[in-house]
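Novice: If you scroll down you'll find the structure; I have some questions about it.
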Amino acid sequence: MKIRTMVIVKGVVQKVNFRHFTQQNALHFHVKGWVQNLPDGSVEGCFEGDEANVQALVDWCRTGPSASRVDEVQAKCGTYTGEFDDFSIRR
């Protein structure tokens, strides 16, 4: 089953390559969508793909790269749209 999950990751998640590593893991898990920094210092992402793969990427976000410190991950399921061709870093 294909799903969409929106995430907000809070903690020390900017200036630690969080977006880059999220993109690399999304490619590894065959997840499409995007990731971006938010003005409040958190990171937001939209992930679409097979349920197990999207969940694996959400689980990875709970730890993040070694230089990060993840305090909280908010995840909300949405309706799969299939609108993405790849996984991008939004700036």
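A short reminder: the numbers here are calculations on the coordinates, not readings from a lab. What you are looking at is a predicted structure, and each value in this text was computed from that prediction instead of being measured. So basically every Cβ, Gly included, is an ideal-geometry build from the backbone, and we count neighbours across all protein chains shown.
Novice: Counting just the residues of the range 61-73 that are buried (at least 19 other Cβ atoms within 10 Å of the Cβ) and not small (Gly, Ala, Ser), which one comes out nearest to Gly33 (Cα to Cα)?
Specialist: Going through the qualifying residues, I end up with Cys61.
Novice: Right, next: Under the condition of being assigned to a strand (DSSP E or B) and basic (Lys, Arg), which residue from the range 61-91 is farthest from Met6 (Cα to Cα)? Let's see the steps before the verdict.
Specialist: Residues of the range 61-91 that are assigned to a strand (DSSP E or B), as a first pass: 69-78, 87-90.
Subsequent filtering for residues that are basic (Lys, Arg) retains 69, 76, 90.
Details: Arg69: 20, Lys76: 5, Arg90: 14 Å.
Filtering the range 61-91 for residues that are assigned to a strand (DSSP E or B) and basic (Lys, Arg), the one farthest from Met6 (Cα to Cα) comes out as Arg69.
Novice: Additional query: Can you tell me which residue within the range 1-53, out of those that are in contact with a helix residue (DSSP H, G or I) (Cβ under 8 Å, 6 or more places away or on another chain), over 16 Å from Ser66 (Cβ atoms) and of a type in the set (S, T, N, Q), is surrounded by the fewest Cβ atoms within 10 Å (Cβ to Cβ)?
Specialist: Selected residue: Gln36.
Novice: Quick check on the range 39-52. Is at least one of its residues in contact (Cβ under 8 Å) with a residue 12 or more places away in the chain, assigned to a helix (DSSP H, G or I) and more than 13 Å from the chain's Cα centre (by Cα)?
Specialist: Among the residues of the range 39-52, at least one is in contact (Cβ under 8 Å) with a residue 12 or more places away in the chain, assigned to a helix (DSSP H, G or I) and more than 13 Å from the chain's Cα centre (by Cα), which makes the answer yes.
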